[in-house]
Structures are given as structure tokens and as C-alpha cells.
Amino acid sequence: MTVELLILLVVIVTALAFDFTNGFHDTANAMATSIATGALRPKIAVALSACLNLVGAFLSVAVAATVAEGIVRLDEVSGHELLIIVYAGLVGGILWNLLTWLFGLPSSSSHALFGGLIGATLASLGWSGVVWAGDDGGVLYKIVLPAILAPIVAGFVSAVGTWSVYRITRSSEHGKVTTGFRWGQIGSASLVSLAHGTNDAQKTMGVIFLALVAHGTLTADSTMPIWVMAACAVAIAAGTYLGGWRIIRTLGKGLVEIESPQGLAAESSAAAIILTSANFGLPLSTTQTATGAILGTGIGKGAEVRWGVMGRMAVAWLLTLPAAGIVGAVCWLLAHYIGGLPGVLVVFALLVGLAGWMYRRSLRDKVSSENVNEPTTPSGSLPPSTPPSSTPQSPPPSGTRDRRRSPARSAAEEEA
């Protein structure tokens with residue numbers, strides 16, 4: 001087995017690892033509102049989402065064909081150098097996904113991937129290696145403008161939908177409205193999951209396809225291999241089933257207190273926008289779209305919006321591209337200057353070490369299907385979860401009597 005083939009295998013494994021983190025990082029986009037309103041039980045919700053992500057990955061390859069096209073000029077390099085750029089970009093995306101998951105922030109996995117690729121390209125090819133704006137789109141038109149417009153459009157559509165729903169059902173019995181919309185949420189959440197598989201799984205397909213072309217296994221005109229589609233579909237579905245509970249809690253309970261009519265409006269508007277972008281081959285951020293839709297439901301209902309939480313999300317969105325880009329650039333420098341397979345393995349060891357540290361850190365405040373719907377504090381922060389078994393029982397106040405009575409004493413008191 002040649003060194004080039006070993007590097008290709010490491011790149012493919014790393015790409016599937018990114019796809020896995022994309023799955024559990026973005027589960028909240030589809031299922032946070034359904035879990036928060038009680039339309040679906042947490043474990044059933046993530047299982048349903050995983051199945052539909054799996055199906056959605058096979059529906060189209062339009063997004064896969066546009067990954068990195070018109071953003072970075074990777075056609076100026078080939079072979080080993082291209083593999084290293086793609087590899088470093090993937091590591092940058094994975095580490096940013098894990099860091100934002102640790103803090104429960106729903107940042108964009110798509111922007112993390114693109115940021116990593118841009119950073120690695122800048123380190124390798126310089127400023128001219130990135131298409132900042134041009135006829136092919138560029139960073140401005142393919143990343144920055146959609147990042148600004150997607151949550152605004154989704155929020156507006158969701159706000160109008162929420163306002164309309166409450167106007168239409170204002171004279172109906174509240175219990176029946178809640179039950180009916182919970183059933184509707186199952187359908188709308190399923191549609192978001194299907195759209196997520198159609199959009200996000202294909203980004204990893206495009207990266208693996210790019211690596212195979214760089215290695216010489218495929219040509220640019222080749223069709224997408226079925227094993228690539230299947231591997232990416234399984235990876236994102238597995239990550240989705242794991243459940244990104246920390247982010248689910250932020251979107252479901254941290255931003256707006258959601259009722260089932262709001263959940264249906266948010267999921268429907270997000271699904272419509274994501275599927276439309278997938279149809280045109282646009283690698284849209286499903287996270288920002290879903291977050292904007294949830295925010296819109298609060299505005300449409302006139303409910304309290306926790307702007308402090310929204311501010312934290314916005315900061316994470318702003319930092320995603322540059323932060324993932326810095327990590328991608330550092331990883332490229334390490335792999336390039338150490339050289340060959342040793343350089344790739346050093347970066348891989350760095351990835352495993354940092355991922356392990358963040359996982360261990362997350363266990364200090366573990367969020368699972370059992371406590372994902374814990375209420376937030378008034379400021380919007382998420383309180384640490386405490387297992388019920390470890391909660392100390394407070395003794396009764398001094399000077400009070402135990403009100404529990406034996407049967408004999410009860411009978412005596414009744415006779416008296």
C-alpha cells in the first residue's frame with residue numbers, strides 16, 4: 001500500500017468523522033421543537049431523524065457537486081497537496097463542531113467545513129487561492145450573503161405563519177389545538193430531517209469525491225460512487241441517532257418557550273427553505289435557517305425571546321469561518337512541514353487528543369434524553385443537570401411534627 005493511498009484513506013475516515021459530527025451537531029435543527037413541545041419522545045425523535053437523514057442523502061447529489069466550487073481554487077493544485085488541503089480543512093471543521101457542541105451553541109457545520117477549507121487554502125496557495133467574489137459566486141455570494149439572509153427569511157416566514165395559526169385557532173379549544181399541532185409536528189420535523197440529509201450529507205460526499213479525484217481514482221466527470229453515498233448517509237445517520245442533546249436543549253428551551261403551533265410553523269418554514277436551496281444546489285446552513293425560524297415563532301406569537309442566548313449564537317456564527325479557518329491553516333502547516341504520512345498522522349493524533357479532551361469535559365455537565373427538557377434560567381442560560389439520585393433530601397424544618405400517623409393513632413384521634 002503506497003503512502004498516497006494511506007493518506008487518502010485517512011482523509012476519507014476524517015471526512016466521515018466530520019459527517020458524524022455534522023449529524024449529532026444538527027439533530028436539533030429538525031427535532032428540538034418537537035422534543036420541547038412533547039410531540040415526540042427524545043429517543044424516538046432522534047431515531048426518526050436518523051432514518052430520514054439516511055434516506056435524504058440518496059435523493060440528490062446537486063449540493064455535492066457544488067461543494068468548494070467557486071469558493072476556493074483547488075483546481076490549481078492536485079495529488080498529495082490537494083489531499084493535505086482537504087484533510088486540514090476537515091480537521092478544522094470537526095474541531096469547531098465539537099467546541100460549539102460542548103458549549104451547546106448551534107453553529108453552522110457547513111461554515112465550519114468551508115472555513116477549514118478556506119484556511120488551509122490560504123496557508124497553501126495564499127490570498128489568491130480563495131474566490132472572495134466573482135462570477136462563480138465566491139465567499140461573499142455563496143457563504144456570507146446566505147448566512148445573513150437565510151435566518152432573516154426563515155424568521156419572517158415563521159413569524160407570519162405563527163401569527164396566522166394563532167389567529168385562526170384563537171376560538172378553538174386549547175387542548176385540541178395542542179394535540180392536533182403535535183401530530184402535525186411529526187410530519188414537519190420529518191420533512192426537516194429529510195431536507196437535512198439531502199443538504200448536509202452531500203457536503204461530505206463532495207469532499208470525498210474531491211479527494212478521490214486528487215488521488216486519481218476518479219476523474220472530475222465521474223459519477224458519484226454509490227459506496228461514497230452510502231458511507232456518508234450511514235455516518236450522518238449514526239451521528240443524528242447519537243443525539244446532540246446539548247444543542248437540542250439550547251434550541252428547544254433556551255431561545256423561546258415553544259408550543260406545538262409554533263413548532264409546526266418553525267419546522268415547516270425551515271424545511272421549505274432548505275429543500276429549495278438543495279434543489280438549486282446551494283450549500284445552505286440548516287442550523288442558521290432552523291434557528292431563525294424558531295426565533296420567528298417567538299416574535300410571531302409575541303412571546304419572550306431570550307436575546308442573550310441569541311447573542312451567544314450570533315457570536316458563534318461570526319466566529320465560525322475565521323476560527324475553523326485558523327485551525328485548518330495550522331493543521332495544513334503541521335502536515336506540510338512535517339511532510340508525508342508522518343505529518344498527516346501528527347494532525348490526526350492532535351484531532352483525536354482534542355476531541356477526547358472535549359468529550360471528557362462534557363461529562364461534567366452531561367445532557368441526555370433524560371434531562372434535555374430541563375427549564376432554562378430567566379437569563380437564558382442552561383443550568384447544569386443533576387441526576388435525581390444525587391439530589392440531597394432536605395430535612396424537615398426544626399420545630400415541625402412529622403405528619404405521618406400510624407393507623408392506631410389515627411383511629412384514636414377519630415374516636416376522640
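Rank these residues by their accessible area, most exposed first, probe 1.4 Å: Val72, Val315. Don't skip to the end; give the middle numbers.
Working: Val72 15, Val315 80 Å².
My answer, sorted largest first, is Val315, Val72.
How large, in percent, is the carbon and sulfur part of the accessible surface of the chain at a probe radius of 1.4 Å?
Working: 12220 of 18480 Å².
Carbon and sulfur atoms account for 66 percent of the accessible area of the chain.
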### Message
My understanding is that a pair violates if its Cα-Cα distance is over 23 Å; which of Lys176/Lys301; Lys43/Lys366; Lys43/Lys253; Lys142/Lys301 do that in this structure?
### Response
Lys142/Lys301
### Query
Between the helical axis of 174-215 and the dominant principal axis of the chain, each derived from Cα atoms, what acute angle in degrees is found, rounded to the nearest 10?
20
### Message
Between the stretch 197-272 and the stretch 86-107, what is the separation of their alpha carbon centroids in Å?
### Response
14
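Looking at the stretch 14-113, what % of the alpha carbon pairs are farther apart than 24 Å? Write down the numbers at each step before the final one.
Values: 1674 of 4950 pairs.
Looking at the stretch 14-113, the distances longer than 24 Å represent 34 percent of pairs.
So what is the accessible area of the chain per residue, in Å², with the probe set to 1.4 Å?
Values: 18480 Å² over 416 residues.
Accessible area per residue: 44 Å².
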### Message
So, taking all protein chains as they sit and a 1.4 Å probe, how much accessible area belongs to Ser362, in Å² rounded to tens?
### Response
10
#### Entry: Among Gly325, Gly180, Gly93, residue whose mean-square fluctuation peaks in a GNM of the chain (springs only between Cα atoms under 10 Å)
Gly180
### Task
Could you tell me which of rounded, prolate or oblate describes the stretch 129-209, using a ≥ b ≥ c as the square roots of the eigenvalues of the alpha-carbon gyration tensor, with rounded for a/c under 1.5 and, failing that, prolate when a/b is larger than b/c and oblate otherwise?
oblate
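Whenever you get a sec, line up Val305, Val55 from highest to lowest accessible area (probe 1.4 Å, protein heavy atoms).
Values: Val305 15, Val55 75 Å².
Sorted by accessible area, descending: Val55, Val305.
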## Note on the structure
Rounded to the nearest 10 degrees, the helix 226-242 long axis (Cα) sits at an angle to the longest Cα principal axis of the chain of 30
### Task
Compute the relative contact order of the chain as a whole-number percentage, counting only Cα pairs closer than 8 Å that sit 6 or more residues apart in sequence.
31
### Query
Expressed as a whole number of Å, what is the distance separating the alpha-carbon centroids of the stretch 1-63 and the stretch 291-370?
16
### Query
With every protein chain in place, what's the accessible area of Phe209 (1.4 Å probe, Å², nearest 10)?
40
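When you count, for each residue, the other Cβ atoms within 10 Å and take the mean per peptide, how do 197-206, 352-361, 240-249 rank with the highest first? If you can, show how the numbers build up before the last one.
Details: 197-206: 27.9, 352-361: 12.3, 240-249: 25.4.
For the peptides 197-206, 352-361, 240-249, the packing ranking is 197-206, 240-249, 352-361.
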### Normalised contact order of the stretch 82-170, rounded percent, pairs of Cα under 8 Å and 6 or more residues apart
22
### Lys, Arg +1 and Asp, Glu -1 on Cβ, resulting dipole of the chain about Cα centre, debye, nearest 20
1360
## Note on the structure
Nearest 10, in degrees from 0 to 90: the angle of helix 109-125 to the longest Cα principal axis of the chain is 30
## Note on the structure
Among (i) 4, 18, 25, 25, 18, 8, 2, 0; (ii) 5, 22, 30, 21, 11, 5, 3, 2, 1, 0; (iii) 5, 22, 28, 20, 12, 8, 4, 1, 0, the value of P(r) over Cα pairs in 10 Å bins from 0, in percent computed for this structure carries the label (ii)
### Message
Using only alpha-carbon positions, what ratio does the radius of gyration of the stretch 91-233 give when scaled by 2.2 N^0.38 Å?
### Response
1.42
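The values are calculated or read from the model by the stated rules, or taken from the named source; none is laboratory data. Note that the structure is a prediction, hence the values are computed from the model and not measured. Here the Cβ is made from the backbone with ideal geometry for all residues, glycine too, and neighbour counts use every protein chain on show. To get the accessible areas, we keep the full protein, side chains included, count just its heavy atoms, and leave off ligands, DNA and RNA. Shrake-Rupley method; radii C 1.70, N 1.55, O 1.52, S 1.80 Å.
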